[in-house]
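Working notes, structure below.
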Amino acid sequence: DGGITQSPKYLFRKEGQNVTLSCEQNLNHDAMYWYRQDPGQGLRLIYYSQIVNDFQKGDIAEGYSVSREKKESFPLTVTSAQKNPTAFYLCASSMATGTNSPLHFGNGTRLTVT
Amino acid sequence: AQRVTQPEKLLSVFKGAPVELKCNYSYSGSPELFWYVQYSRQRLQLLLRHISRESIKGFTADLNKGETSFHLKKPFAQEEDSAMYYCALNTNAGKSTFGDGTTLTVKP
């Protein structure tokens with residue numbers, strides 16, 4: 001069954017700890033994205049990657065880091081520098097980086113930092 | 001910089017009534033626009049895209065470059081249309097910018 005898998009579904013961490021969210025896709029998509037979804041604020045782009053071993057900052061990259069060592073994987077690390085990390089995180093992929101490619105989304109990871 | 005505005009956070013209509021979810025955008029280039037939908041307990045998914053000019057689940061959306069709008073319309077709303085709807089803009093740089101979303105409730 002093709003798609004995007006995010007794990008875990010729920011994640012709890014203590015303040016000051018880094019945490020890594022997993023995102024795997026078997027759609028053979030070139031581009032992958034991380035969004036943050038907060039109530040009333042829609043989706044905000046954190047990082048995106050158009051090709052393996054390359055990625056770009058989105059609109060709210062501060063306090064986050066990513067890697068793209070494999071085409072199918074795009075993990076997101078929420079560092080202790082992120083001032084307000086508690087949020088719902090969505091991973092997405094698209095076939096290409098052209099403007100006509102829609103996004104395919106995972107089910108999301110809800111991160112709670114206390 | 002590109003921007004997508006969905007002016008209504010909440011929209012409520014009765015079953016069988018027409019519904020229109022508004023979306024306005026600002027972008028200096030040639031935009032490609034999409035509507036995504038998130039039903040309860042399901043993942044966010046593509047509803048329709050401007051370039052396809054198709055009707056999905058009775059919904060249509062027309063790109064109006066003069067008014068920079070991409071409103072989503074359905075002539076007769078159904079209860080199963082209740083969901084969160086996001087308008088999104090793709091740019092040449094490969095980024096997708098989303099609006100804040102509109103929660104549609106269709107009452108029986």
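The values are calculated or read from the model by the stated rules, or taken from the named source; none is laboratory data. From a predicted model like this one, the values you see are computed outputs, not experimental measurements. Here the Cβ positions follow ideal geometry from the backbone for every residue, glycine too, while neighbour counts run over all protein chains shown.
Given the criteria of a type in the set (A, V, I, L, M), closer than 21 Å to B:Phe76 by Cβ and in a loop (DSSP other than H, G, I, E, B), does B:Ala1 qualify?
It is false that B:Ala1 is of a type in the set (A, V, I, L, M), closer than 21 Å to B:Phe76 by Cβ and in a loop (DSSP other than H, G, I, E, B).
Taking segment B:53-80, which residues are of a type in the set (D, E, K, R), more than 17 Å from B:Gln6 (Cα to Cα) and either modelled with pLDDT under 95 or touching a Lys or Arg at 6+ places or on another chain (Cβ under 7 Å) (or both)?
Listed by number, the residues that qualify are B:Arg53, B:Glu54, B:Lys57, B:Glu79.
Out of all the residues in segment A:41-84, which are under 19 Å from A:Asn28 (Cα atoms), surrounded by 14 or more Cβ atoms within 10 Å (Cβ to Cβ), within 11 Å of another protein chain (Cβ to nearest Cβ) and not hydroxyl-bearing (Ser, Thr, Tyr)?
A:Gln50
Would segment B:87-105 turn up any residue that is assigned to a strand (DSSP E or B), over 14 Å from the mean Cα position of the chain (by Cα), polar (S, T, N, Q) and surrounded by fewer than 22 Cβ atoms within 10 Å (Cβ to Cβ)?
yes
Residue check, B:Lys57 against (1) surrounded by fewer than 20 Cβ atoms within 10 Å (Cβ to Cβ); (2) under 30 Å from A:Gln6 (Cα atoms); (3) within 13 Å of chain A (Cβ to nearest Cβ), all met but one. Which one?
Condition not satisfied by B:Lys57: (3).
Looking only at segment B:83-108, count every residue that is farther than 13 Å from B:Leu21 by Cβ, of a type in the set (D, E, K, R) and at the interface with chain A (Cβ under 7 Å from one of its Cβ atoms) and tell me the total.
Residues meeting the conditions: 1.
What about A:Pro8, is it at pLDDT below 95, within 14 Å of the chain's Cα centre (by Cα), surrounded by 17 or more Cβ atoms within 10 Å (Cβ to Cβ) and more than 26 Å from B:Thr91 (Cβ to Cβ)?
So A:Pro8 does not fit the description; no.
Which condition number does A:Ser93 fail, the rest of (1) under 10 Å from A:Met32 (Cβ atoms); (2) surrounded by fewer than 22 Cβ atoms within 10 Å (Cβ to Cβ); (3) not hydrophobic (A, V, I, L, M, F, W, C) being met?
Of (1) under 10 Å from A:Met32 (Cβ atoms); (2) surrounded by fewer than 22 Cβ atoms within 10 Å (Cβ to Cβ); (3) not hydrophobic (A, V, I, L, M, F, W, C), only one is false for A:Ser93: (2).
Any chance you could count how many residues in segment B:63-75 are in a loop (DSSP other than H, G, I, E, B) and over 24 Å from B:Lys15 (Cβ atoms)?
Of the residues in that region, 6 qualify.
May I ask you to say which residue of B:Phe14, B:Phe34 is at the interface with chain A (Cβ under 10 Å from one of its Cβ atoms) and touching a Lys or Arg at 6+ places or on another chain (Cβ under 7 Å)?
After ruling out the rest, the residue left standing is B:Phe34.
Within segment A:29-62, track down each residue that is farther than 22 Å from B:Asp100 by Cα and part of a loop (DSSP other than H, G, I, E, B).
A:His29, A:Asp30, A:Val52, A:Asn53
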